[in-house]
Each structure stands twice: as C-alpha cells, then as structure tokens.
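Report on the following structure.
The values are calculated or read from the model by the stated rules, or taken from the named source; none is laboratory data. Small disclaimer: the values here were computed from a predicted structure and weren't measured. Cβ placement follows ideal geometry from the backbone for every residue including glycine, while neighbour counts extend to all protein chains displayed. To get the accessible areas, we keep the full protein, side chains included, count just its heavy atoms, and leave off ligands, DNA and RNA. Shrake-Rupley method; radii C 1.70, N 1.55, O 1.52, S 1.80 Å.
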Amino acid sequence: MIKFSSLAYIPLLPLIGAFVLGLWGKKMERSSATIVALSTVLGSFAITVIATYTMVKNNGTPLQAVLWEWIYVGRYRVDLALGFDQLTAALMLVVTGVGFLIHVYSTGYMEEDPSYWRFFCYLNLFVAAMSMLVLGQSLPVLFIGWEGVGLASYLLIGFWYSDTEKADAGRKAFITNRIGDFGFLIGTFIVLGLFGTMDFTQLRQAVAAVGPTDAMLTTGIFAGFSVKAVVTAACIAFFIGVTGKSAQIPLYVWLPDAMAGPTPVSALIHAATMVTAGVYLMCRLGFLFTIAPDALVVVAVVGGLTAVFAATIGVAQNDIKKVLAYSTVSQLGYMVLAVGVGAYTAAFFHLITHAFFKACLFLGSGAIIHALHGEQDIRRMGGLRKHIPITHATFLVSTLALAGIVPLSGFFSKDLVLAFASERSASLGILGSVGAFLTAFYMSRLYFMTFFGELRHPDPHMKDHLHKPGLSMEIPLIILAALAVVGGALNLPHVFTHTDGFLDRFLGPVLGTKVLSMTATAEYFFMAKSVGIAVAGIVLGYVLYGRGVPTKAAESFVESGPVHGVLYNKWFVDELYQNTIIRFTRFLGSLAAMVIDPWIIDGILVKLSSGLVSGSGRLLRKPQTGNVQSYAAVFVLAVAIITGWAVW
Amino acid sequence: MQYLNALTAILPVVVLLGTAVILLMLEVFSLGKDRIWAANFSLVGLAVAFYFAMKGLGAEPQALFAGPGKSAPIIADAFGNLAAAVMLAGAFVAVLLSPEYIKNARCSSGEYYALILFSVVGMIVMAMAGDLITFFLGLEVMSIGVYVLTGIRRNDLRASEAALKYLLMGAFATGFLLMGIAFIYGATGTVALPELARQMVAPVGGAPILVTGLVLLLVGVAFKVAAVPFHLWAPDVYEGAPTPITGFMAVGVKAAAFVALVRIVAVGFANSEESAVVIPFISVIAYLTIIVGNLLAIVQRNVKRMLAYSSVSHAGYALIGVVALARGEESAGAAVLFYLTAYTFMTLGAFGVLVFLERKEGGAESERFGAFAGMGYRHPALGVAMSVFMVALAGMPPTGGFFGKLYIFSSAINAGEMGLVFAGILGSIISVYYYLRVIVSFYMVDVPDAGPLPTATRSRHLTAGLIIATAGVLTLGIFPNQWIELGKLAFKSLQLG
C-alpha cells in the first residue's frame, strides 16, 4: 500500500461542486454554474489519471488514503479509507471520463431548463457518491457511496417532480433499491460476523486463511454451519443488493421507469455507471464468491434469464428510451452471467464497452428527442438520418457495437462472455445466444424505424423546425462512438494476438485470470457463430422494418397480437407485484394504522406510561409544601433511616 | 517567604481575592448606577484567574501551608486547577448574564460581583482541600456568598423567602456535615485525607462511628448538590434567586461539591471496607435523585422551577459517576469532571436565555411555558441557542451533554453498576419530554396575542455569555477527546499527590 492522500479529492471535488451549486446555484449565472460543474468533474478525472499513472509506475501497488478514523467499537474498526487498485482505476476512469463527457453534453441538452443549476448540483453529487462507492476500501465506505448514488438517482429521476408520474418513478426506483440495500446490509453483517472485518484487504487475507471450506465452525455466532454455507448465504444476500442496483430479476422493474429522468441522466446513471455498481461489487468480492460455488450458480442463472427476459420486452416497446432501458437490463444480465461463471474480467470488459456504446446510444436518443421537441415514440419518427447526420452515424456505430458486429467493441466483450458461459454449461450458452439474437433484432427495429423512411410526426411542419444538436452535444457523441469502435482493443482475444489481453493482465492481480480452454479452431468457430447470430437478427430487422415502417408481417406478429400484448405489457410483472407484494404491504400498513397505532402505541405505550409518570410526579410533589419545618423534618427522617441502615 | 512561594501556587485564589477586595473599595466612589464597570472588572479578574488555573495544570502537585509534621491543608495539583478552571468559566458566564438581569430587576447593589468572586474562592478551596476542615471552610465561604446573593433583591418577597429558607436549611445541613467530620476524627484521629487513607487500611476500632461519620459527611454534600431526599429546598431557592445567581448556584456549588467529593472518595476513602459500606447508600441516593428529579420536573409549569428539578436529576447522573469511582473504577473521575463541565455550559446557557425572556413586571408569570410561545420566531438566534441547550441537557449528540452521559454510563458499566445505568437511561428518556417541551413552546405553540415584546435591547454581555455557553456545549460535543484526556491526566495527579 502506498499512501496517496490526493485520492480524497476525487470524491471531494464534485461534492464541493454540488455544495456550491446547491447553496448558491440559483443566484449564479448559467455560465458560472457550468464552470463549477464541469471543472470539478474534470479535476476528478485528472486526479484519477494521475493516480492510475502512479499506481502503474509502482508496479501496480495499490494506493491508499485514510481520511479519518471512523467507527471504533469494541474489536471492530472501520476507517474512512479510500483505496485505488487496478479494478478501481478501470471503473474510475469510466466514471469520471464518461461522466465528464455527459456533463458537457448536458450543458447543451439542459440549456433551456429553468432548474439548470439544480440538475448539475445533482449530477455532481452523483459523481461524488459514485467515486466514493468505487474508492471505498471497506464495505461500510462502499455503502456510503451505494446509498449516495441511490439518492442522486432518485433526485434525478424525479427531476421534473411537478409531473406526478416522474416523481412516482423516482420513488419506485428508491423503494425497489431499498429492498436490495437490505440484502447488502445483511451480507455485510454476515461477513462481519464470520470474519470480524469489513475491510477488503483484510477480508481477502481472512478468506485466503480459511482452509477447507466444508469444515464446521465451532465458535462464534455461526457455530454449527460450514464456512461455505455461511459465505454462500452472504453472497446471496449481496446478490439481492446487486439485483436492486444492477436491475436484475426480480428487482429490475425500476430501471425502465427511471427513464422519466432527463436523458443525460439515463446515459450516465442508468446505463454507464451506477447500474454497474452491482457488477463492480461482485468483482470486488470475487474472492468471496469463488468459495461459494452454489451462489455463483444462482448468479449465473439469474443473469442469463435477465438477459433474455429483458430482451424480449425490448422487442415490443415503442418509446425509444424504454427500448434502450430494457436493452441495458439485458446487457447487465450478460455482465452478471459472466460473474456467475467466474469470468470476472470478462464481466468488467463488457461493463466498460457497454458504458461506451450505451452512453452513446442514450445521448443519441437524447439528441433525437431534443430534435423532435420531446417526442419519444419511435412510431412518430423516421427518416431522421438526413436531418441529423452526426447523431445518425454515431447511433449506427453504437447499434452495431451493441449487436456484436466484428470488429466493434461490443463484439469482443460479448463474445468473451458467451464463450465462458457456454464452456460452463451449454444451456447458459444457449440463453446467451438467444439474448444476442433478440438484441440485434430490437436494435435494428429501433434503428430503422427512427432513421429510415419518412418522418411520421403528427405535426407536418416538424421537419422544418427540427432542433439540431449543437457542438456541445455532438462532440461527446463522436468521442463515445469512437470509443465504442476501438474499445475492443482493451482486451483482444488470445487467438488473435497470442498473448493475454490488456485487461486480463491489468486486472489480473485483483480479479485473477481465467482463460478459455477451447481450442483456437473452436474459438474461431464460436466467434463466427456469434457474428452469424447478430447478422441474422439485423437481417430479420431489416426485412421487417427496412423501409422505416413495419411490414405487414411485422405488423401482425410483433406490433399486435397476443405475443405483442404480453411483451408490450412487460409480461405483466408490474401487475403481479402490484397484486401480491404491494397489496400485502398495504394491508400491513392499514393494519398498523388502524389497530397497532391507536391501540397499542397511543393507548398502552403513550397514554398509560405518561399517566404513570405524571401521576407519580404529582404524588411526589406532596412533600414540597414550601414549609421549612417540614423540609427539615424530611431531612432528619432521611438521615435517621440511612444512618440506621448503614450502621446495622 | 515560604508562604509567599506557596501563594504563587494558588494564584487563581489570590487574584480573585484581590479583585473582590478592590471591587469593594471602588464601590465607595459609587461610579455609575448600573455598575457595568464592576462586571467588566470581575470578568478581567476571572479571566486572569482562569489563565493561572490552566497554567497550573502542568505544574507538579504541591502540598501547601503544612505546619511542621502536619499534613497540608491545601493541595495545588492538576485536578484542583482543572476543577477551578471549570468553576471560573462558570462564574465568568454567570457574570456575563448579570448586567441584563440587574437592569431589568433594578437590583443593582455594590456587593453583587464581589460576592460572586468570594464564592468562587470558596469553591476553589473546596476543590483543593487536603483535609476535611479546609473542605468545610471552603464550603462555608462559598455558601455564605451564595446565601446573600440569593436574597440580594431585598424588596422581592420570593427572593427573601428563598434566602431565608436556604440559610436555615443550609445551617441545618452544615450541622450534620460538621458532626460527620467530628465522628470521622473520633474514629481515626485525623481529618487529613492522605492520613485517613492510611488509617483506613489498618482495622479501625469503632467502625459504626466511622460509618456514621461517613454517612453524615455525605448527607452534607448531598444537601449541597440537592440530591433527593435532601433537595426540598432547591426548587424554592432556585425560583426565588436572581436568575444569573440560580445558574451560578446550580453549576458552581454543584461542581465544587462534586469535585470535593471525588477528591475525598479517591484520596481519603479509596478501597476501604468502611467506605464500601456507604456505597449502597450513595447508590440509593443516586436512584432516588434521578427518578424523583425527573418525575417532578415533568409536572412543573414554570420553566425556572423545571430547570431546578432538572438540575436535581443531573446531580443524580453525576452521583452514578461517584458510585463507580467508589467501586474503584478510575475512569469515573474524569467522567464526572467532563460531565460537570458540559453541565456548566448547558445549564448556564439555559438560565441565560431565561434572563433574556423574563419581563420586568411579569414575575413568576413570565417564566411559565406558555409565556415562551413563539419566541423561536421572534428571536431566531435565541431560539437556536435554547434548542442547543435543551438538546444537550436531554443528552443528545452532537453536544457535550451526550458525551458527559456516555462517559458516566460507560464508567458505571465497567464498575458493574448496571442498575444505575438503567435508571440513568430511563431518567434521560423521561427528561426528553420536558426539555423538548421548551422547544415546542418556542416554536410550535401559537402566540396568543402579540402583547408587549420583552426588552428587545440585548446587552452585549448577555450575548457574549450565550455565545460562550453555546460554543462550550458544541465544542465538548464535537471534540470531546481533548477534554476527557485532560480530565484523565488531572485525575492521575490526584493519585500521585
């Protein structure tokens, strides 16, 4: 560990930005608010780069900064410590780098919003919290960030809070995440109870020292269970937290609704960074998941199912952001699947490439929505490639990357995930391939309906007063699209270069290395299969939607009919939750309101106890007569009793 | 020459005496009716004395004024100096609160500030007393000053009644105290604390006499700190005395008595069987004080009386620390010191707010909860300050009141006194009710009618006093470590001496 106290400034700078904007933003000039918001994030990015450089120069020795001693209770010690290793570096570069680009984009996108300052205050707050999450050296510090990003996400989803639907979406996100957070806390407590520490470095050492994991524990609160069983329980609990934050089955329901927030938010928080926090957490705790293979099976299955399930819903959505949202859920499923088969680096690789192309797609969709004065329904779009060419080009590149067309970044990362998955089990591989096909299909549907054919907007003059995106919006799009193209170079396959990929080597010290066991021929064949599936999806999309409007076949199979009904209504999952869990909770609530609160709390606890207390107070007042003689009498009586009692 | 050297070791006392005497002489020239100059002059004296007390923290413990072959009556050590610093700070704030009150109550008289200074001298002597007679002398010096101060509004019936009650009851209790000292002397043949400790180790003849003596001594102290059942005088006296003096009494007298008690227990009666006999007795008093003090505070309608009972209950919490100390738990000494410091600031602060809100003609009426309705909006800064003091008295973070209770309770847990801790926590919970009630009436009660506002001109002195009190409460709550460490060091000096 090398001391590197500047780490503190990575979260601190944006936090100061949020503070300044929150207190004085309303009175500030727009330009000065912009300067505050952008400079703080750029500063964080610069420090991240310097920290990465310092770490690499020192042969990858992690950096550390202890801000202060935080919780010292009994034998448990938690410092407010920040750490910086390869995993942190990789994600921090994405968070602050992509974060900065999205800040730049937002200056154009939010130009006309009256609450410009408030938006950047929240956005800065988010970057601060996310940095805290990634830099946290122990579970509680990570949890500060975990909750902080949840708060920022809530504030930004409900940014236009005067619209009840949007405010409700914010609350849905927050409450759903609370359920996950509960799992996170349980996991933390189990880990603390078993290993007596919550610090990642110490935990890693403790896990390494465990020995045979099947042995029964004889002491401590988990006596009678094997280490493996307890760790499995902890990992499942953490995974519940992950399903909340990273939108997996069954807690994914908040993410599509979260699209109610401004589009840059969807790009930054709900695609590129925050939602990947769960994947980051599992990578960070990889050493723990590794000794709990049963938990990994659960993780892999849930991830694979989510990837397919969300993709099916994406096929039938008409809101451009909803399609991208379900796509995000599905892609997060791939990352989780990768973790589940033990391929942490592959998961992280996909996390990074996904951050590039999905941020680009969201920002592109923002540019489209911006151009059409707030229109989000793809049925009212079309023909836009002529009007906003740069947006079109970047969108096309990112779509191909997401679909997994060689040699774009998405191809390499997704192929790696699929390869590991099918090595682990054939059925996981099939799940992944089905998901990949659906992805290519819904993305080409989205692409053709948006950019091809003629503009179908009900306002016939829309074509003449389109809101063309400015430079501040186009430059981030171009940079992100470029990254989406070359991102694959981060981890080229072994068969191409005959050496380990860059990420494999870089993240190896933290995540361990896992290599494909298939032969080179098999690997080439596998790649060809992946590309084939993607092309098949795109071709199907072109056949059905190539002219910008659904063909008759598409109209009857995808755009209407029973299958459409089920998919369009998202498999009725929201309704299911509404009628089971939410209704039951409401029942408990009304029970508390009508029986427990008035009778037990107000009646027994409040009225009875206050009656007792004030009654005895009144009784005790009796000797307080104001008469000195009686005071003296009490005095003497008391002395007599006490002396008598003490002596005999 | 030897005595002159000794005087330099107790410079705080010398400075205070000098200031007080000069004040009395200057009074002859009757310089101005409101006597602001006298307040300022006392403040300077107190500040200088405070400086010397803090400086004395680092000095080696010194036994002073010992006759040949005799034990020393005064012991100037870090403990005594730290305690003196707390009392001096308390007196400083009390003096700051006074000009405003004197102006409103029209009770300006020449002796007022000099009497405060003389009382503080008595308190410091108590804190540094090396034997029981010196302790008694200090106690009386302190008490006489406070008796007079209580009745300084001679034309006010409530004040006169309070002064007379206090004097009568005080004389009564002093009788018990002296009798206790006499019994102890009879049993052991000495009143010097270190000598007592040595006598106690050997089997003492006539143990019942010693136990009786100890009990009577403790009764005398219990009276001064207003512990139940020797508290009956307190509400009447606190209510009748001038408000700044009530604050001064509540913190200064209590602190002096507790500090002296800590010294007596830690030096004189540590680890002896006879003193173990009286531990249950202190425990019972502590239980009673916490429970009765809190229960009675709840039913009060007059805020000043409520604060009087609250000060009774706080004596109970401090007594928990004394019990732990008597059980041999050393951390309790520093805990009691910390508690008294926090208590000094929060109580004086609360009385300071009262000084501001009391109306000239209103009398007892202006001290009722109802009279404070809406004050938080009329005087925002005052409202915040009062909220801080109430929250601190209730023992909530981030105030000194929280850490005071925390240290006391944790030392009691170490000493195995779970029952007392439980009672203390229960008492704290009850106390939240009446402390928050003040905040409620400040902010959440509708103003009945816009009646005449209390004097809006705030004296600078009062403002300064409130600022110091607020700062003290919050500083102790945010940086408790420095002060508790100082307390531990001071307590260590006690055991060396």
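At-a-glance table
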{"quantity": "Spatially proximal lysines relative to B:Lys70 (Cα-Cα < 27 Å; intrachain offsets below 8 disregarded)", "calculated": "B:Lys492"}
{"quantity": "Cβ-defined net charge surrounding B:Ala162, 15 Å radius [Lys, Arg +1; Asp, Glu -1]", "calculated": "+1"}
{"quantity": "Most positive-pole-ward Cα, A:Phe441, A:Phe452, A:Thr276, against dipole of the protein assembly as shown from beta carbon charges", "calculated": "A:Phe452"}
{"quantity": "The protein assembly as shown: antiparallel DSSP beta bridges as a percent of all, rounded to 5", "calculated": "90"}
{"quantity": "Computed Kirkwood radius, in angstrom, where 1/r is averaged over Cα pairs of segment B:1-130", "calculated": "15.4"}
{"quantity": "Estimated dipole of segment A:488-596 in Debye, rounded to 20 [Cβ of Lys and Arg +1, of Asp and Glu -1, Cα centre]", "calculated": "160"}
{"quantity": "Pairs beyond 31 Å (Cα-Cα), from B:Lys103/B:Lys254; A:Lys607/B:Lys224; A:Lys172/A:Lys358", "calculated": "A:Lys607/B:Lys224"}
{"quantity": "Residue-averaged beta-carbon neighbours from other chains (10 angstrom radius) around A:635-646", "calculated": "6"}
{"quantity": "Given charges at Cβ of Lys, Arg, Asp, Glu: segment B:1-111 dipole, positive-most of B:Asn81, B:Gly69, B:Phe29", "calculated": "B:Phe29"}
{"quantity": "Net dipole in debye of the protein assembly as shown [+1 Lys, Arg Cβ; -1 Asp, Glu Cβ; about Cα centre; nearest 20]", "calculated": "760"}
{"quantity": "1.4 Å probe accessible area per residue over chain A, in Å²", "calculated": "41"}
{"quantity": "Spatially proximal aspartates and glutamates relative to B:Lys304 (Cα-Cα < 13 Å; intrachain offsets below 8 disregarded)", "calculated": "B:Asp236, B:Glu239, B:Glu358, B:Glu365, B:Glu367"}
{"quantity": "Exercise: per-residue mean of other protein chain Cβ atoms within 10 Å, A:619-625", "calculated": "4"}
{"quantity": "For A:Ser5, solvent-accessible area (1.4 Å; no DNA, RNA or ligand), Å²", "calculated": "80"}
{"quantity": "Sites A:Lys552 and A:Glu165 - FRET efficiency at Förster radius 30 Å, r taken between beta-carbons, to 0.05", "calculated": "0.30"}
{"quantity": "Antiparallel bridge percentage (DSSP; both residues within chain A; nearest 5)", "calculated": "85"}
{"quantity": "Positive-pole candidate from B:Ser109, A:Ile10, B:Val421, dipole of the protein assembly as shown, charges at beta carbon", "calculated": "B:Ser109"}
{"quantity": "Helix-only [θ]222 nm of chain B, DSSP H runs n ≥ 4, -39500 (n - 2.57) each, per residue, nearest 500", "calculated": "-24500 deg cm²/dmol"}
{"quantity": "Relative contact order %, segment B:2-496, counting alpha carbon pairs below 8 Å whose residues are six or more apart", "calculated": "16"}
{"quantity": "Solvent-free Debye scattering, log10 I(q)/I(0), computed from the Cα coordinates of segment A:149-261 at q = 0.20, 0.22 Å⁻¹", "calculated": "-0.95, -1.06"}
{"quantity": "Per-q log10 I(q)/I(0), segment B:2-496, q = 0.09 Å⁻¹ (Debye; single scatterer per alpha-carbon; no solvent)", "calculated": "-0.56"}
{"quantity": "Dipole magnitude (debye, nearest 20) for chain B, charges at Cβ of Lys, Arg, Asp, Glu", "calculated": "700"}
{"quantity": "Debye equation applied to the C-alpha atoms of segment B:246-342, log10 I(q)/I(0) at 0.20 Å⁻¹", "calculated": "-0.96"}
{"quantity": "Rg/Rh ratio calculated on Cα atoms of segment A:574-647 (Kirkwood radius)", "calculated": "1.51"}
{"quantity": "Rounded percent of accessible protein surface that carbon and sulfur make up, segment B:185-319, 1.4 Å probe", "calculated": "64"}
{"quantity": "With Cα atoms, 0 to 90° folded angle of helix B:11-26 axis to chain B main axis", "calculated": "50"}
{"quantity": "Loop sites in segment B:47-136: trypsin sites (Lys or Arg not before Pro), DSSP, at most 13 other Cβ within 10 Å", "calculated": "B:Lys70, B:Arg106"}
{"quantity": "For A:Ile405, residues with placed amide H under 5 Å, excluding near neighbours", "calculated": "A:Phe411"}
{"quantity": "Equivalent-ellipsoid semi-axes of the protein assembly as shown, from the Cα gyration tensor, Å, largest first", "calculated": "74, 33, 27"}
{"quantity": "Relative contact order computed over segment A:295-420 (Cα-Cα under 8 Å; 6+ residues apart), in percent", "calculated": "27"}
{"quantity": "Translational diffusion of segment A:227-366, µm² s⁻¹ [Kirkwood Rh, Cα pairs; Stokes-Einstein; 25 °C; 0.890 mPa s]", "calculated": "167"}
{"quantity": "Mean residue ellipticity (222 nm) of chain A, computed from DSSP H runs ≥ 4 via -39,500 (n - 2.57), nearest 500", "calculated": "-22000 deg cm²/dmol"}
{"quantity": "Distant-in-sequence amide H partners of A:Val549 (H built 1.01 Å from N, under 5 Å)", "calculated": "none"}
{"quantity": "Percentage relative contact order, segment B:356-437, counting C-alpha pairs under 8 Å, at least six apart", "calculated": "19"}
{"quantity": "Sequence-distant residues sharing a close amide H with A:Ser226 (under 5 Å, placed H)", "calculated": "A:Leu217"}
{"quantity": "Spatially proximal lysines relative to A:Lys463 (Cα-Cα < 20 Å; intrachain offsets below 8 disregarded)", "calculated": "A:Lys386"}
{"quantity": "Spatial extent of chain A: Rg and Dmax, with the Cα atoms as the point set, Å", "calculated": "28.7, 108"}
{"quantity": "Exposed-loop-free span, longest in chain A, where trypsin sites (Lys or Arg not before Pro) count as exposed if DSSP calls them loop and at most 15 other C-beta atoms lie within 10 Å", "calculated": "A:76-546"}
